[in-house]
Amino acid sequence: MNHELTYGEIQTVVSDQPAAEAHGVLAGLLCVDGETTFDAWLDHLFGAAAEHLEPWERGLLGRLFEDTREQLNDFGFGFQPLLPDDDQPLNERANALADWCRGFLLGFGYAGQESQTPGACAEILRDFAEISRLDPDASGEAAEVAYAELTEYVRVGVQLVRGELARPAGTPLH
C-alpha cells in the first residue's frame, strides 16, 4: 500500500523552492490543461536540471503529479493543496499557503490562461494573489481560524476553477 506523500518528502526533492509553490504550479497547469505532462511540469520546476533528478526523486514527484491529476479530474472536491501539517508553526503554514497560491498563479500563467479567464475564476485568482501576500506573523486562535478558512477557500477555489475551465464553452455553471 502506498503511503500518502508528505510535504517534507516533496520539499527534500524540490529543495531550491518551496514544496507548496511547486505543487501550486502543478495545480495551476492542470487546471488550465488537464493534459499537461509530467515532463512539462518538471521543466517548469527545474529547467534543464530535471534530467539530473534521481530515479527516487522522479518517482516521488511522479506520484504527486498523478495524485494531483486524479484529485482534480475527480470533481468530487477531494483536492488538497500540499501544505505543512497542522502541527507545524502557524507562520510556516501561512508562508506555505502564500507560496502555494503564488505557484498556482505561476502555473496558471505558464499555461497561458490569464487573458481568457471566466468571471468567477478571475475573482478566485485575484483572491489567490491577495493570499500570496499573506502576513505570516499573525498568531493566536483567530489567526488559526483565519488560516483554516483560507486553506479551505483555496482548496475549493481550485476545484471551482478546474470545473469552470473543464466545461465545454457556453455550458452554464449551476
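The values are calculated or read from the model by the stated rules, or taken from the named source; none is laboratory data. If you're wondering where the values come from, they're calculated on a predicted model, not measured in any experiment. Here the Cβ is made from the backbone with ideal geometry for all residues, glycine too, and neighbour counts use every protein chain on show.
Results, tabulated for the structure shown:
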read-out: Count of segment 15-42 residues which are within 16 Å of R102 (Cα to Cα) and touching a residue at least 12 places away in the same chain (Cβ under 8 Å); value: 17
read-out: Selection from segment 73-86 of residues that are modelled with pLDDT under 95, among the hydrophobic types (A, V, I, L, M, F, W, C) and either assigned to a helix (DSSP H, G or I) or under 17 Å from E4 (Cβ atoms) (or both); value: F79
read-out: The lone exception for L125 - which of (1) at pLDDT below 85; (2) closer than 20 Å to Q71 by Cβ; (3) of a type in the set (A, V, I, L, M) it fails; value: (1)
read-out: Among residues of segment 71-100, those that are among the hydrophobic types (A, V, I, L, M, F, W, C) and within 11 Å of the chain's Cα centre (by Cα), counted; value: 8
read-out: Odd one out for A169, checked against (1) within 14 Å of the chain's Cα centre (by Cα); (2) modelled with pLDDT under 90; value: (1)
read-out: Pairs where the first residue, in segment 43-65, is among the β-branched types (V, I, T) and the second is surrounded by 19 or more Cβ atoms within 10 Å (Cβ to Cβ) and part of a helix (DSSP H, G or I), C-beta under 6 Å, 6+ apart; value: none
read-out: Some residue of segment 48-56 being crowded, with 20+ Cβ neighbours inside 10 Å, part of a helix (DSSP H, G or I), out of contact with any strand residue (DSSP E or B) (no Cβ under 7 Å at 6 or more places or on another chain) and modelled with pLDDT of 95 or more; value: no
read-out: Matching residues, segment 63-80, being out of contact with any Lys or Arg (no Cβ under 9 Å at 6 or more places or on another chain) and not small (G, A, S); value: R63, L64, F65, E66, D67, T68, R69, E70, Q71, D74
read-out: Residue in segment 87-109 that is in contact (Cβ under 8 Å) with a residue 12 or more places away in the chain, surrounded by 16 or more Cβ atoms within 10 Å (Cβ to Cβ), part of a helix (DSSP H, G or I) and of a type in the set (D, E) present; value: yes
